[in-house]
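Undergrad: Below is the structure I would like to discuss, written out as structure tokens.
The values are calculated or read from the model by the stated rules, or taken from the named source; none is laboratory data. Just so it is clear, the model here is predicted, and its values are computed rather than measured. FYI the Cβ positions are ideal-geometry reconstructions off the backbone, even for glycines, and counts take in every protein chain you see. Keep in mind that these areas ignore ligands, DNA and RNA; they rest on the heavy atoms of the full protein, side chains included. Shrake-Rupley method; radii C 1.70, N 1.55, O 1.52, S 1.80 Å.
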Amino acid sequence: MTTEAADNVPGLLRSITEVESMSLQFDPQILQELAPQLAAAADMKQPAVGDVATRRLDTRRMVDQLMASRGSAVEIDVGIDVERYSLTTGDGATLGLSWYRRAGSAAPGSAVLYIRGGGMILGLDEVGDLYDATVRGYVEASSVPMLVVDYRIAPEYAHPVPVEDCYAALEWLAAHASELGADPSRLAVMGDSCGGGLAAGVCLLARDRGGPAIAQQLLIYLMRRRSDGGTRPSVASVLDVALDMDLRRQRHQLGRAAGRQGR
């Protein structure tokens, strides 16, 4: 799911048809799969700025429709085991952890902390089914086990809570690597959209704090603070985050600190 999908799924889906006349185009197979969501998005009203509750409800509805439309195509349960754990953060919160691995296969040694997207405001209640299928697919294709953390989200939990939650998950993975069949020197951090931004933050924290060694960093269309304040017209509706939407996310995540120089 892209950054725009995390914060405004209907807006992204409406924009898809606009790029068909541009040099940058969507694969016809992807458009076909998104057809039910395109139809549903046509009648959806964009939530008001700051209406996080409606955005969460809309996203949950869109994810349900997507999963239903794909049917058995996302059922990758065969061969993938999921084990549930939890960790307690420094401030006393309990976070859920899900460990995905191929059943019956020898542990490869490598392992990944996967940080899901969600525009900083969407949790597993909204996008959990989508990421469950996504991570199962990655593990099935790569044979590399992955840990997913249910980190806390804004605006209820602003910066630095989400990134600190994810860093705590990295420390947990490193500490429990041997019992999970992983090599603590072969850990990767991976994420998409806002999860990509958080993954980058986790790697920086590990570097600055002398934390767990990171063997690889995998960032997928990461959400990060814009430095130029602009949007490339040729790809604006597909790849970039509109400035006003970006500022909304920053305000949810950073509160009054959003937009200040050096933040």
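Undergrad: Give the residues of region 171-188 that are touching a Gly at 6+ places or on another chain (Cβ under 7 Å) and over 14 Å from Tyr85 (Cβ atoms), sorted by residue number. Outline the logic, then answer.
TA: Step one: list which residues in region 171-188 are touching a Gly at 6+ places or on another chain (Cβ under 7 Å), which gives 171, 182-183, 186.
Once the filter is applied, which keeps residues that are touching a Gly at 6+ places or on another chain (Cβ under 7 Å) and over 14 Å from Tyr85 (Cβ atoms), region 171-188 yields Asp183, Arg186.
Undergrad: Let me ask something else. Cβ-Cβ under 6 Å, sequence separation 6+ or interchain: first residue in region 121-133 and within 15 Å of Gly191 (Cβ to Cβ), partner open to solvent by 30 Å² or more (accessible area, probe 1.4 Å) and at pLDDT 95 or above. Which pairs?
TA: The qualifying pairs are Leu124/Asp150.
Undergrad: Only one of Asp150, Asp165 is within 25 Å of Pro184 (Cβ to Cβ), surrounded by fewer than 23 Cβ atoms within 10 Å (Cβ to Cβ) and of a type in the set (Asp, Glu); which?
TA: Details: Asp165 fails: surrounded by fewer than 23 Cβ atoms within 10 Å (Cβ to Cβ).
From the options Asp150, Asp165, the qualifying one is Asp150.
Undergrad: Pick out the one residue from Gly109, Gly118 that is open to solvent by less than 40 Å² (accessible area, probe 1.4 Å), small (Gly, Ala, Ser) and either farther than 24 Å from Leu57 by Cβ or out of contact with any helix residue (DSSP H, G or I) (no Cβ under 7 Å at 6 or more places or on another chain) (or both). Even if it seems obvious, please write down each step before you answer.
TA: On the way: Gly118 fails: either farther than 24 Å from Leu57 by Cβ or out of contact with any helix residue (DSSP H, G or I) (no Cβ under 7 Å at 6 or more places or on another chain) (or both).
Result: Gly109 is the single residue among Gly109, Gly118 that is open to solvent by less than 40 Å² (accessible area, probe 1.4 Å), small (Gly, Ala, Ser) and either farther than 24 Å from Leu57 by Cβ or out of contact with any helix residue (DSSP H, G or I) (no Cβ under 7 Å at 6 or more places or on another chain) (or both).
Undergrad: Shifting gears a bit: Out of Leu170, Leu180, I need the residue that is crowded, with 21+ Cβ neighbours inside 10 Å, more than 19 Å from Gly119 (Cβ to Cβ) and not polar (S, T, N, Q). Which one? Don't jump to the end; show me each part of the working.
TA: Values: Leu180 fails: crowded, with 21+ Cβ neighbours inside 10 Å.
So the residue among Leu170, Leu180 that is crowded, with 21+ Cβ neighbours inside 10 Å, more than 19 Å from Gly119 (Cβ to Cβ) and not polar (S, T, N, Q) is Leu170.
Undergrad: Let me ask something else. Given (1) closer than 15 Å to Ser98 by Cβ; (2) free of Cβ contacts under 8 Å to residues at least 40 places away in the same chain, identify the lone condition not met by Cys203.
TA: With respect to (1) closer than 15 Å to Ser98 by Cβ; (2) free of Cβ contacts under 8 Å to residues at least 40 places away in the same chain, Cys203 is out only on (1).
Undergrad: Further question: Which numbered condition trips up Val135, out of (1) more than 17 Å from the chain's Cα centre (by Cα); (2) among the hydrophobic types (A, V, I, L, M, F, W, C); (3) closer than 18 Å to Arg101 by Cβ?
TA: Single failed check for Val135: (1).
Undergrad: Ok, one more. When Asp129 is evaluated against the numbered criteria (1) modelled with pLDDT of 95 or more; (2) open to solvent by 70 Å² or more (accessible area, probe 1.4 Å); (3) in contact with a helix residue (DSSP H, G or I) (Cβ under 8 Å, 6 or more places away or on another chain), which criterion, by number, is the only one it fails?
TA: Every condition holds for Asp129 apart from (1).
Undergrad: Report those helices (runs of 4 or more DSSP H) wholly inside region 1-89 carrying at least 2 residues which are modelled with pLDDT under 65 and more than 19 Å from the chain's Cα centre (by Cα). I'd like the intermediate steps shown before the answer.
TA: Numbers: elements: 3-16, 28-41, 52-70.
Of the helices (runs of 4 or more DSSP H) lying wholly inside region 1-89, those with at least 2 residues that are modelled with pLDDT under 65 and more than 19 Å from the chain's Cα centre (by Cα) span 3-16.
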